[in-house]
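Engineer: Structure incoming, see below.
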Amino acid sequence: MASHDLIVALGDTHYRVERPFGSWPQNTGFVTDVTVDSRGHVFVMLRHDPLMHPNDPRVIELAPDGTYLGGWGGDLIADSHMLTADTSGRILCVDRDMHEIIICSATGERISGLGQRGQPLAPFNHPTDIHVSAWGEIYVADGYAASRVHRFSAYGVHIQSWGEHGSGDGQFGWPHAIWTHADGRVLVVDRTHDRVQIFDRNGNHLGNWTHFRDPVAIWGDEDGNSYVTDTQPTLQKIGPKGEKLGRCRPFLNGAHGIFGTPEGDILLAESSPSRLTRLRRL
C-alpha cells in the first residue's frame, strides 16, 4: 500500500495522483497511449516490435474503474503508436510503420482504414496521431518522416494536406500529436521545436504556444482548454486563448498519451515505466 498521498493542482482544480491505474495480463508490449469512449471505457494502446514480439493484444479495454475487460489487435496492428475514440464508439488506431490508420469497432473488428497498408507516402509516411473533430472531419499528424497534417472527410475522403519540414509557422520538425476543438481550432504538437501550433480547420496558421520542453501528447476538454504533456516532465493546462492556467508534475518521466474521463479525471499513458496513471479530480 502506498505510504504517501500525492496531490497536484492545475489552476483551481486539484487531483490525487493514483498509479498504477488498471491492470491486464502480462504482455510483451509497453504503454504508449490511452483513450476513453463515451461509456467511460478505457482503451490502452501497447507498443510492440512487430518483427520481434508475438501477436499479443495491441489494445486493452478496461472498465471505468480499471477492471480488465479484454484485449485485441495482435493480428491487426503491427506498430501501434497512438489511438483515439470517436463519438460513434469507433477506435482509430495509428499503425505507424505500416503507414496506416486502422478504424475498428470497440471490440476490435476492422471497419475501414486510411492510407495504403505497408505503402509509404500514400499519403502517410510513419504517421503519429489522429483525432476526429466535432464537425466530423478526421485530422492525422504525419510526423516521423513527412512533417505533414492530413485532413479527411467523415467518410475517409482526402480533402487537404499541409506542412513541410522546417521551423517557420506552418512548418514542422516532428508533428507528434494532434487535437481539435469544437470552435474549429486544430492543435498540433511540434515536438522538435518545443511548441504547439494552432490552425483553423482549413489549415490556416493562427499562432504558437512555445512554453514546453519536448512536448509529446495533447488532449482537450469541453470548455476548450488544452492539456499538454512534455518530458520536462510537466503537464500544462492552457486556456482557449492561450493563457497558462496551470502546471504540475504528476509523473516521473513524462506521458506519451493523455485523455480525460467523463468524471473529470485525467489518464496519463507513461511509457517508462510502462503504466497508466490516473489524476482523480478532488
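The values are calculated or read from the model by the stated rules, or taken from the named source; none is laboratory data. Note that the coordinates shown come from a computational prediction; the quantities given were computed from them, not determined experimentally. Positions of Cβ are backbone-derived with ideal geometry, glycine not excepted, and every protein chain shown enters the neighbour counts. For accessibility, only protein heavy atoms count, side chains too; no ligands or nucleic acids. Shrake-Rupley method; radii C 1.70, N 1.55, O 1.52, S 1.80 Å.
Engineer: Dimensions of region 156-282 along principal axes (Cα, Å, largest first)?
Structural biologist: 39, 32, 27
Engineer: For region 125-170, compute the orientation-averaged projected area of the C-alpha convex hull (one quarter of its surface), in nm².
Structural biologist: Taking a quarter of the hull surface, the average projection is 3.4 nm².
Engineer: In whole percent, and with a 1.4 Å probe on the protein chains, what portion of the accessible area of region 20-281 is carbon and sulfur?
Structural biologist: 47 percent
Engineer: Quick one: which of 156-164, 144-152 comes out on top by average Cβ neighbours within 10 Å, and what's the full order, highest first?
Structural biologist: Sorting 156-164, 144-152 by mean packing, highest first, produces 144-152, 156-164.
Engineer: With a cap of 15 neighbouring Cβ atoms within 10 Å, and only residues DSSP puts in a loop, list the trypsin sites (Lys or Arg not before Pro) found in region 1-92.
Structural biologist: Sites meeting the loop and neighbour criteria: Arg39.
Engineer: Same structure again: Report the local net charge at Asn27: Lys and Arg +1, Asp and Glu -1, summed over other residues whose C-beta lies under 10 Å from its C-beta.
Structural biologist: 0
Engineer: Mind checking the per residue accessible area of region 94-214 for me, 1.4 Å probe, whole number of Å²?
Structural biologist: About 39 Å² of surface per residue is accessible.
Engineer: Hey, what D do you get for region 1-53 in µm²/s if you plug the Kirkwood alpha-carbon radius into Stokes-Einstein at 4 °C and 1.567 mPa s?
Structural biologist: Using the Kirkwood radius from Cα pairs, D works out to 91 µm²/s.
Engineer: Expressed as a whole number of Å, what is the distance separating the alpha-carbon centroids of region 205-243 and region 117-149?
Structural biologist: Here the two parts' Cα centres lie 20 Å apart.
Engineer: Here is a further query. At 20 °C and 1.002 mPa s, grab the translational diffusion coefficient of region 28-123 from Stokes-Einstein with a Kirkwood Rh over Cα pairs, rounded to a whole number in µm² per second.
Structural biologist: In µm²/s, the coefficient is 162.
Engineer: Calculate, axis by axis, the spread of Cα positions in the chain along the three principal axes, and write the results as whole Å, longest axis first.
Structural biologist: Result, largest extent first: 51, 44, 32 Å.
Engineer: A further question follows. Non-local amide H neighbours of Gln116 (under 5 Å, H modeled in plane, Pro and chain starts lacking H): which ones?
Structural biologist: Ala122, Phe124
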